[in-house]
Amino acid sequence: MIIAIDGPAASGKGTLGRRLAGHYGLRHLDTGLIYRAVAKAVLDAGEPLDDVACAGRAARSLDPSRFDEQVLKSHPVGEAASVVSAIPEVRAALIDFQRGFGRTPPGAVLDGRDIGTVIFPDADIKIFVTAAPEARARRRTLELQAAGVSVNEEEVLADILRRDQRDSGRAAAPLKRAPDAHLLDTTQLDIDAAFRAAIDIVEAVRAGRQRG
Ligand code: DC
């Protein structure tokens, strides 16, 4: 089974993906991490983020076994990832890895921006997770504060809006809901309620398939 989860920054898709994978005994890939790793490699090389040759080389030589999640999850790396991920050569170099990951038994939950539209258009189940930008900014602010980072919620909101615009407005595989993706709006839901709603979606799709 392949479950594709897409959605904007701080929508809760990563946590949902991890929990769904645990629940169904599937592997989980947070595809944002691979774009973050490319961005980090370009930053480390001291090259500009729109250097197509450097970013393409980084994407082709990626080694996920060496990812340092804590470093990759930092705010500047996320911003940089939003820039390098708009480069078509970078996206093309990462397709096979994502598809190979998903097709390896017993299947996987992948979360990102283009999983249901480009990477697995034939995924068994597609969920598009979203939430109002203000709710996402609130959550991200609390998360960062809990990690000891002092942040201003208005600045976090401005970052989120900028990132939404960049991820949705780019020409290469923009963030958008696949026509057959189930919408899960988590604005009013905490993570447990969102998880139950996601399970309901998966179960409804599976039940429908068994009947059909
Ligand atoms: O989900 P995230 O915040 O870790 O993603 C970081 C950036 O990577 C995001 O702004 C856009 C990009 N990204 C992408 O273009 N495609 C994906 N499948 C996942 C992430």
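The values are calculated or read from the model by the stated rules, or taken from the named source; none is laboratory data. Since the model is a prediction, treat every value here as computed from it, not as a measurement. Each accessible area value is taken on the protein alone, full model and side chains, heavy atoms only, with ligands, DNA and RNA left out. Shrake-Rupley method; radii C 1.70, N 1.55, O 1.52, S 1.80 Å.
Converting the Cα gyration tensor eigenvalues of the chain into ellipsoid dimensions via √(5λ) gives semi-axes, longest first, of 27, 22, 15 Å. Prolate is the label for the stretch 1-126, because the ratio a/c of its alpha-carbon gyration tensor axes (a ≥ b ≥ c) is 1.5 or higher and a/b is greater than b/c. Surface composition of the chain: carbon and sulfur atoms hold 52% of the protein heavy-atom accessible area at a 1.4 Å probe. Note on the chain: helix-only mean residue ellipticity at 222 nm, from DSSP H runs of 4+ residues weighted -39500 (n - 2.57) and normalised by residue number, equals -17500 deg cm²/dmol. Taking 0.36 nm per residue of separation and subtracting the Cα-Cα distance, full extension of the segment from Ala45 to Glu154 would add 36.1 nm.
Between Gly116, Gly56, Gly169, the Gaussian network model of the chain with springs among Cα atoms under 10 angstrom shows the greatest mean-square fluctuation at Gly169. Computed with a 1.4 Å probe over protein heavy atoms only, the accessible surface of the chain comes to 49 Å² per residue.
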